[in-house]
Each structure stands twice: as C-alpha cells, then as structure tokens.
Amino acid sequence: MAAHIKPLVLHAHATGPNPIKIAIALESLHVPFIVKSWDFSDDPNTGVKGTTFLKINENGRVPALEDPNTGVISWESGACMNYVRRVYDHGNSIGPPGGSAQDLVDFEKWEYFLLSTLGPMTGQVNWFRHYHSQKNDDALQRYVAQTYRCYDVLEEQLKKSDGNSILPARVTAVDYHFEPWVRQYKFAGLSLDNYPLITKWLGLMDCLEEVQEAYCKIQNCMKK
Ligand SMILES: N[C@@H](CCC(=O)N[C@@H](CS)C(=O)NCC(=O)O)C(=O)O
C-alpha cells in the first residue's frame, strides 16, 4: 500500500475479538494503522462508555475506525470491514472471489451469519460462564447449544474447501470475521473435538502472516 497513506486509528480492547478482525484486514491489505486501546468502563478518558469514546461511537463498543485520509469514522465491525474493503482493497484480494449475484450473496451470508449469530452466541456463552453476577445454568446451556449449532453449520461449509477457507475459492474477509471468535473456543469452555475441519481451518488461519501481525500489533499496544 502506498506510503502516502496516513495511518488509520483502530479503537480496540486487549481481548475483545471484534477489533482484531479489522486489524487482520488492514494487515492483509498493508494499510498503515495505529491501535488505541480502551477499557470497558465509563471512565471519561479510558472507557468505551465514557464521554471521550462516546463521541467516536455513541454505541460504546469497539471496534471503531477513524480514517484521517477520508475523514470517515466507522463502527460495528461489519461496517468497518466493508469500509476498509471498499476504500483499500483495490485488487479485491479479500472480498467476494467471484462477481456473480450468487458470489456476492455467498460472501454476505457468511459474514452476516458470524455477525448476527456465531459471534453473539459465543459472546453470551462467555458472559454467562465468566461475567454474569449470578449462576444461570439454563442460559449458559442454551448459548452453549446455540454455539455448537453454529459450529455444526461451519463444519459442514468447510467440507467444500477441505478446511482451507470458509468460502471455497480462497481466504477472504469472511475468514477474518470468524477467526477471533472461533479462536476463543477454549476460553468459552467449548471443545473442537467433534470439528476436525474447524480445527484444521483455525490452525491454517493462525499461520497467516496478517493474523499473526494483527495480534502482535494489538498485544504490543496493550503492553504500552
Ligand atoms: N456488533 C458489534 C459488537 C461490538 C462489541 O460488542 N465489542 C465489544 C468488544 S469485542 C465491546 O466493545 N464490549 C464492551 C462492553 O460490552 O461493554 C461489532 O461487531 O462491532
């Protein structure tokens, strides 16, 4: 990517999976960016629910992405990802591999499946397992079952590429959306024992340079 691009600002959190997707995409496209770290509090200066951050994203969640080259501010990881693709993926290296109406829908359906279903179900598992103030086993079991149901759907889809990528043709931004959420399976108390293709896919994803660089950048930032 051309050196004249001013670094974008990715607003992130130490462990939250949603900002990592955007870091992976930016790394993949060689778009320069810096990471600004927030906590989940309402502290006016450091928290996503504080006055400073709410001026960037009134929904009080990361990621948010500021682009000084265009003046555009995006939030919601799906909107951030699609902004990055529209503005910086000139060669369509991470977008839909084909141009037919079906190709575009195939890209979007898997993207939305992660954004609306696998991600939120896993998030609820994490919430009821680790953070909810009272034990609520019914809720936990409900979200565990829903997340495994999503894993079943993903495992089936991965048969089309023998576990190499979610869309059969090649790795795309869809894989970037899924990676940080599936990577959390152990933290969520889940098992991949019944999912050999998800296991293979996750191993391949973790070897990608853009994935390694993205985690490294976010973690380095957090150490500062
Ligand atoms: N649908 C949003 C979800 C964003 C989200 O929930 N981000 C988490 C971090 S991964 C967050 O900011 N949580 C703060 C909180 O729950 O207070 C997206 O895809 O960007």
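Each value in this text was obtained by applying a stated rule to the coordinates, not by laboratory testing. Just so you know, these numbers come straight off a predicted model, no measurement behind them. A quick note on method: Cβ atoms are made from the backbone with ideal geometry, for glycine too, and the neighbour counts reach across all protein chains shown.
Beta bridges assigned by DSSP with both partners in the chain are antiparallel in approximately 55 percent of cases. Among the listed pairs 36/217; 49/109; 21/109; 160/217; 159/217; 21/186, which are separated by more than 21 Å between their Cα atoms? The answer is 49/109; 160/217; 159/217.
A protection proxy built from the mean count of other Cβ atoms within 10 Å ranks the segments 23-33, 127-137, most packed first, as 23-33, 127-137. The relative contact order of the chain, computed from alpha carbon pairs under 8 Å that lie at least 6 residues apart in sequence, is 22 percent.
Based on alpha carbons, the Rg and Dmax found for the chain are 17.5, 54 Å. Distance between the C-alpha centres of the stretch 174-224 and the stretch 16-58: 19 Å, rounded to the whole angstrom.
Taking the Cα atoms of the stretch 101-208, the ratio Rg/Rh between the radius of gyration and the Kirkwood radius comes to 0.99.
Each 10 Å bin, from zero up to the one with the longest distance, holds this percent of the alpha carbon pairs of the stretch 126-175: 25, 31, 24, 19, 2. For the stretch 12-99, the relative contact order works out to 23 percent when only alpha carbon pairs closer than 8 Å and six or more residues apart are counted.
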